[in-house]
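See below for the structure under consideration.
The values are calculated or read from the model by the stated rules, or taken from the named source; none is laboratory data. Just so we're clear, the structure is a prediction, and the values are computed from it rather than from any experiment. No Cβ is skipped: glycine too gets one built from the backbone with ideal geometry, and neighbour counts run over all protein chains shown. The protein model used for the area step is the full one, side chains on, heavy atoms only, and it has no ligands, DNA or RNA in it. Shrake-Rupley method; radii C 1.70, N 1.55, O 1.52, S 1.80 Å.
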Amino acid sequence: MEERNLFDRIHEALEVEPQPGAYERLRIALAQKRIKPQRLPAFPMRWPKLGLRLAAVMTVVVLAIAAAAAFLVTHPVADRETPADSERAIAAYKLMLYDDYIKIPDPGIESVCFGSQFAACEADVSLRISVANQIQNDLSRFQPPARFGVAVAQMRHHNALQITRLNAVLAASRAQDAVGMDRSVAAVVSGRPWMDAMFTGILRSQQGSVASYLGSMNIEKRSLDLCAECQDLAGPNQISCTGSLAPSCLTLLQRYAAQVGSFQREIVLVAAPSSLVSRDNRLQLDLATADTALLTMGEALSAGDQAGFNGGRVSLQQAMAAANVDAADILKG
């Protein structure tokens, strides 16, 4: 298919008249755009490998993404006549997120911000902060379809925390504080998997049938029930996380976060059918509360804030008790 024909068909589908010279500007922009190799999420996970670098496979997909993203810049989803939850609006929102996702620098901050490589670290982190700020702006500027509402709100939370962590790396690099830089880099690395997983979950999201949704739900619920680390961290016989046990608790925290993150991603990846949307939304909200509690616990543990950690642990226990009730209600229904 010729590129011009595809360009015209995209605009016909979006029901918008292209501006004069738009096609020529698009071709120039695409010619300058670097296609990046595939990156996989860093979660220790059960999920299949993700083929999300579609642009590296077909130029026509890159054209479609660029055209739809350009359309979104001047026509926010919430302002169009098309309902925000229509398939067209969902597709357009995915394309906007894809355009942000492919701009994220590949993992490698650990190798750049290492030792006394302060100048290289500053350059690398400055780029990452710029991209993270753009993502935050887009997540705040465009109204997400209801299917992604809870996930996107949580993405804003995670991304804001990553920006804070990146700024800490930058400050340590400028102060030539190698120890502080290493500590801040470790925090950035720990926060990367959740964002990567949620991006890919939304980009691959499909409307599920009752059977496929319940099947996916059952797998995640069973996995969470069998999570021994989750019980050690926040179960009835939870271990203490003070003093010398703090490093062990960090490992437990990371594994619990991976379980919750997997559940959050899965119920976005296989979207609830209309008959289960309200119950699914309750579950998403309670999982988001648990996820926020885990973030609070992680930050408190790193800062040696025992009171903050204990408060986060109570919030986690309450949120997960509610989420278990939500999931059981969905599965029995």
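Sorting 301, 276 by accessible area puts them as 301, 276; the probe is 1.4 Å, largest comes first, and only protein heavy atoms count. For the peptides 292-299, 124-131, 107-114, the ranking by mean Cβ contacts within 10 Å, running from highest to lowest, is 292-299, 124-131, 107-114.
Using the per-residue mean of other Cβ atoms lying within 10 Å as a proxy for protection, in what order, highest first, do the peptides 175-182, 198-205, 237-244 fall? Intermediate values should be presented prior to the final figure.
Values: 175-182: 14.5, 198-205: 21.6, 237-244: 11.6.
Per-residue mean Cβ counts within 10 Å order the peptides as 198-205, 175-182, 237-244.
Dimensions of the stretch 93-151 based on its C-alpha atoms, expressed as ranges along the principal axes with the largest first, amount to 46, 19, 17 Å.
For the stretch 152-168, putting each phi into the Karplus relation 6.51 cos²θ - 1.76 cosθ + 1.60 with θ = phi - 60° gives couplings of 5, 4, 6, 4, 4, 5, 5, 5, 4, 5, 5, 4, 4, 5, 5, 5, 5 Hz, in residue order, rounded to whole numbers and with x for Gly and Pro.
Between residue 123 and residue 143, how high is the FRET efficiency from 1/(1 + (r/R0)^6) when r is the Cβ-Cβ distance and R₀ = 56 Å? Nearest 0.05. The formula returns an efficiency of 0.95 here. Report the residues of the stretch 98-122 in range of a label on residue 174: point 7 Å along Cα→C-beta, backbone N strictly under 12 Å from it. The answer is 122, whose backbone nitrogens lie closer than 12 Å to the label point.
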